Amino acid sequence: MSSSSKAYQFTISGNAVTAVYKVEGGRVKLEHMDSDETWTFDGSNVVKTEMSDGRLETTTYADVDGDGLFFKTGKTYSGTGLKSDGDDDLSHSGGSSLIPNTSAYSEEGLQFALDANGVVTAVSEVKYGYLEADTMGPNETWLSSGQDVIKIETKLGQVEACLYSDANQDGVFQKSFGLEVLTGTNPLSLETYKFTLADGTKATGDVVVAGDAISGAMELGKRGWKADHIDANETFQVVEIGSDNLLLKTSTQKSGEIDFSVFRDDDNDGLWTKIVEGETRGTFMTQDGQVNLVGMADAGLLQLADALIA
């Protein structure tokens, strides 16, 4: 190592770095750890992640000779490659000097920073080739399943779950599934509908069966009932979940995304309440391309609507 290199020492507890010290000129100085920085130890190296100019910056420190002194060995920005543009901490002998990849992203989505336990610590939005920090709200929970990232957000009267997937493994995640489940705690957010069967009779929860065709829909608005046109790309089907007959409405978009809504008529009076609204790009789909509502129920995604009296 050249004398110009800055060395670091760390206090480590398990996988967490609890203190950072800079060693310069034979002196050891305690370094402040900013609130937007995450410091972890992977068993060999120390890794620091932070947001810098709208990009996720990851810096790696290594103790190659085991003397307790760590030196910066690499810095990446959102997975685009090592940066060594005059950073004297990376100028020591034996280090690589690679030109950073500054090409714009060809897709939009999200990037995530994870700690050693797989907890999401930072979210960044990739848009128009730029990376911008995205605030994680106090009512949001972000979890990593190892392959996908899941966001759970609690709102007034509903809970939203979103699944983000990185299909091409380039570090940019797209939303592959979204679900809003109404809890009934905000009655003003509930939407009420009437449906007509193909034979002209009123659809009720105790009458509809699998295979029934819906020929008409009415929505209750502030000024009373109004016709809800059924478009050519929209379909209805009856799905039995436990003791409930639910109406599943799907709408296929030009992008290939499938939007869906779920309606329930608990007291069999022909007034159906929308309890679920979502969209999918393949998650919870059957082999024949249908929305797998039974799979969502089996996964516990619809339980929050159980308290709602439809």
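Just one residue in the set ILE309, ILE241 is in contact with a helix residue (DSSP H, G or I) (Cβ under 6 Å, 6 or more places away or on another chain) and either in contact (Cβ under 8 Å) with a residue 60 or more places away in the chain or surrounded by fewer than 17 Cβ atoms within 10 Å (Cβ to Cβ) (or both); that residue is ILE241.
Restricting to segment 190-214, what's the tally of residues that are touching a residue at least 40 places away in the same chain (Cβ under 8 Å), part of a strand (DSSP E or B) and open to solvent by less than 70 Å² (accessible area, probe 1.4 Å)? Final tally of qualifying residues: 3.
Let's see how each residue does on (1) in contact with an Asp or Glu (Cβ under 9 Å, 6 or more places away or on another chain); (2) part of a loop (DSSP other than H, G, I, E, B); (3) modelled with pLDDT of 85 or more:
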{"position": "ILE12", "(1), (2), (3)": "no, no, yes"}
{"position": "VAL23", "(1), (2), (3)": "no, no, yes"}
{"position": "LEU56", "(1), (2), (3)": "yes, no, no"}
{"position": "ASP65", "(1), (2), (3)": "no, yes, yes"}
{"position": "LYS72", "(1), (2), (3)": "yes, no, yes"}
{"position": "GLY95", "(1), (2), (3)": "no, yes, no"}
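The residue that is farthest from PHE195 (Cα to Cα), among those in segment 282-306 that are touching a Phe, Trp or Tyr at 6+ places or on another chain (Cβ under 7 Å) and buried (at least 16 other Cβ atoms within 10 Å of the Cβ), is THR283.
Answer yes or no: is there a residue in segment 252-271 that is open to solvent by less than 20 Å² (accessible area, probe 1.4 Å), closer than 30 Å to SER165 by Cβ and in contact with a Phe, Trp or Tyr (Cβ under 9 Å, 6 or more places away or on another chain). Looking through segment 252-271, at least one residue is open to solvent by less than 20 Å² (accessible area, probe 1.4 Å), closer than 30 Å to SER165 by Cβ and in contact with a Phe, Trp or Tyr (Cβ under 9 Å, 6 or more places away or on another chain).
Give the residues of segment 131-142 that are without any contact (Cβ under 8 Å) to a residue 60 or more places away in the chain and either under 15 Å from GLN169 (Cβ atoms) or touching a Gly at 6+ places or on another chain (Cβ under 8 Å) (or both), sorted by residue number. Across segment 131-142, there are no qualifying residues. The set of residues in segment 23-43 that are over 20 Å from VAL119 (Cα atoms) and of a type in the set (Gly, Ala, Ser) comprises GLY25, GLY26.
Within segment 151-166, the set of residues being open to solvent by 50 Å² or more (accessible area, probe 1.4 Å) and out of contact with any Ser or Thr (no Cβ under 8 Å at 6 or more places or on another chain) comprises THR154, LYS155.
The values are calculated or read from the model by the stated rules, or taken from the named source; none is laboratory data. What you are looking at is a predicted structure, and each value in this text was computed from that prediction instead of being measured. Neighbour counts are summed over all protein chains in view; Cβ atoms, including those assigned to glycine, are modelled from backbone coordinates with ideal geometry. Only protein heavy atoms, including side chains, enter the accessible area calculation; ligands, DNA and RNA are left aside. Shrake-Rupley method; radii C 1.70, N 1.55, O 1.52, S 1.80 Å.
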